[in-house]
Each structure stands twice: as C-alpha cells, then as structure tokens.
Amino acid sequence: MYSTHYEVEGPADGLPMLMLHGFGCELGLMRGCMEPPIAEAGKADVLLRVYVDLPGHGRSNGAPLSLASSDAMLTECLRIMDDVAPGKKFAVVGQSYGGYLALGMMASVPERLAGAALICPLAVDDLARRRVEEGRLLSADEKFLATLTEDERASFLQNAVRADAETWERFRDEEAPGFASANPEFLDAVDEHFSLTRGARSLTDGLDFCEPCAIVCGRQDSMVGFRDQALLLPKLPRATFAVLDVAGHNLQFEQPALFNAIIAEWLERLGH
C-alpha cells in the first residue's frame, strides 16, 4: 500500500515546519538547505521539521497517478501535517515547485500557517508566463571542473552560476540524487495538471498573508527568475524579499552565507 515518505526531526512539541523540495528532487535537498540556517539560528531544539519526499519523488516515487496534480500534492502535504501535528499551526518552507505549493497553502489555508519561506519559488500558475533571467556562469574554478567527467560537468553546469568544488559537492549530494529517483511518468502527469486551483494568482488577488515571510531569489535564475516573485510583495506585509547576485536556482549553495543569514533571521521572526 502506498504511503508518502517523510522524515521528522526535532522535538515533538516544537513549532512544526513543513519542508517542500523542488520538481524532480527529493527531501535531501531541503535537509541540506535548511539544517545549516536552523543551526545558525540555534533553533534545532524548538522546531519540529517535517521533510517530505513529494509524491513521485525520492522514496515516494511509487505514488499512484491519482496524486499526479499540484492540487492533489498540496492536499497530501496537508494530510501529512494533520498526522504529524494535528490541530497545530505550522510554518512552510518551499524551494522552486515546493515554493509554488507553499504559495497555494498561503492562498487556500492561511489560517493554518505560522509563516512561510520561499526559496527560488515558482510564482506563476502558468509555466509559459515565467519571466526568467539569462543563465550565466559568473564564477568558475576551471581547474576543478576539469576533474569532473563529461556527464558530471554537463549536469552540474546546466543551471550553475557559481561552479567550484564546494558548490559541486552540494549539488552532487543534495540535488542530483533526486534526478535518479524521480518517477518520469508521474512527473509528466503532473505537468498535465500543473496549475493549482488556488495558487499564485489567488494569493495576489486575495487577502493579505500577514505572517512572517522570507522570499529569496537568484539574480541569474534562469528557471523562475525574480520579477514574478516581486509581484507578491503587496500581499505580504511581513515579507523580507532578497535577490542575491552571483546566484541562480541553486542559490542556497551558491551564496550560502547570505542565504543562511536571511533564513536564520526569518526563523527569529516566527511567532512575533
């Protein structure tokens, strides 16, 4: 029988925090993304972190096609939070497609959320309407890159803005494993049912979301850009909005010090 895979870290009585990875990735991406700023903020003992392999991804790659839509995935994530922390408000953190699901929660169930952090989030309901940036490799260690195989180099550089040993190791360990484990048939089916019934447009047309937020974007992000995300700001009166230079869709490991500081500051604002 199918069950969506998730892993829980932290105290059972801590503030629940739902972690949602991007399309074609797995929960290791979010663990690598969020554990450093959580440690930096000294919050590991007060946050109940829920790392999810979204249906069709990672150890949830056997998900039935009945879950192959953004609406169904959002509902499944809310069900997980009902199981983990019934009746409690929770914060949500989403990267890329996970950020799109988080926007859907902000639009459809704002009363359940204590805050939101959006990392390179997709911020439009129609993929064809994305306003993206030119992808450019701005910082490269060519001597190190020469040590990679042709396939490793091609995969790594596809979205890289900064390319060196440090960013390669995080790409290899946190992002690349999801590519191998995702279910392509399932992902194709999600593409056919991609737009949320209540998604980014519902948020911009609806009531303000007044909980603490952070939106972090890459100035050279060729996947989702940063301009669409800026349009969310009028509806987010407690949002920090940061656009990081020399950073693309992998900004958490291209600009780790800035990213960790911004997220750590957001963690401090939760509950205030």
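The values are calculated or read from the model by the stated rules, or taken from the named source; none is laboratory data. Given the structure is predicted, the values throughout are model-derived calculations rather than measurements. Note that we place each Cβ from the backbone using ideal geometry, even for glycine, and neighbour counts take in every protein chain shown. Keep in mind that these areas ignore ligands, DNA and RNA; they rest on the heavy atoms of the full protein, side chains included. Shrake-Rupley method; radii C 1.70, N 1.55, O 1.52, S 1.80 Å.
Rolling a 1.4 Å probe over the heavy atoms of the protein chains gives the chain an accessible area of 42 Å² per residue. Listed by chain and number, the lysines placed with their C-alpha closer than 28 angstrom to that of K88 are K43, K235; residues fewer than eight positions away on the same chain are left out.
When the charge dipole of the chain is built from unit charges on Cβ atoms (+1 for Lys and Arg, -1 for Asp and Glu) and taken about the Cα centre, the candidate among M105, G24, N61 whose Cα reaches farthest toward its positive end is M105.
Considering only protein heavy atoms and a 1.4 Å probe, what is the carbon-and-sulfur percentage of the accessible area of the chain? C and S atoms contribute 51 percent here.
Please report the relative contact order for the range 1-152, taking Cα pairs under 8 Å with a sequence separation of at least 6, and give it as a percent rounded to a whole number.
Over the range 1-152, the number comes to 24 percent.
Look at the alpha carbon pairs under 8 Å that are at least 6 residues apart: their mean separation over the length of the chain gives a relative contact order of 24 percent. Taking the Cα centre of the range 156-242 as reference, the dipole from Cβ charges on Lys and Arg (+1) and Asp and Glu (-1) amounts to some 480 debye. For T240, the residues 5 or more places off, or on other chains, whose built amide H falls under 5 Å of its own are C213, A214, I215.
Spatial offset of the range 3-42 relative to the range 215-230 amounts to 22 Å, using the alpha carbon center of each.
Net charge of the neighbourhood of L207, taken over other residues with C-beta under 13 Å away and scored Lys/Arg +1, Asp/Glu -1, is -2. Helices in the chain, meaning DSSP H runs of at least 4 residues, each add -39500 (n - 2.57). Divided by all residues, the mean residue ellipticity at 222 nm is -10500 deg cm²/dmol.
Given +1 at the Cβ of Lys and Arg, -1 at the Cβ of Asp and Glu and no other charges, the dipole of the range 1-80 around its Cα centre is 120 debye to the nearest 20. Charging the Cβ of each Asp and Glu at -1 and of each Lys and Arg at +1, and nothing else, the dipole of the chain about its Cα centre rounds to 760 debye.
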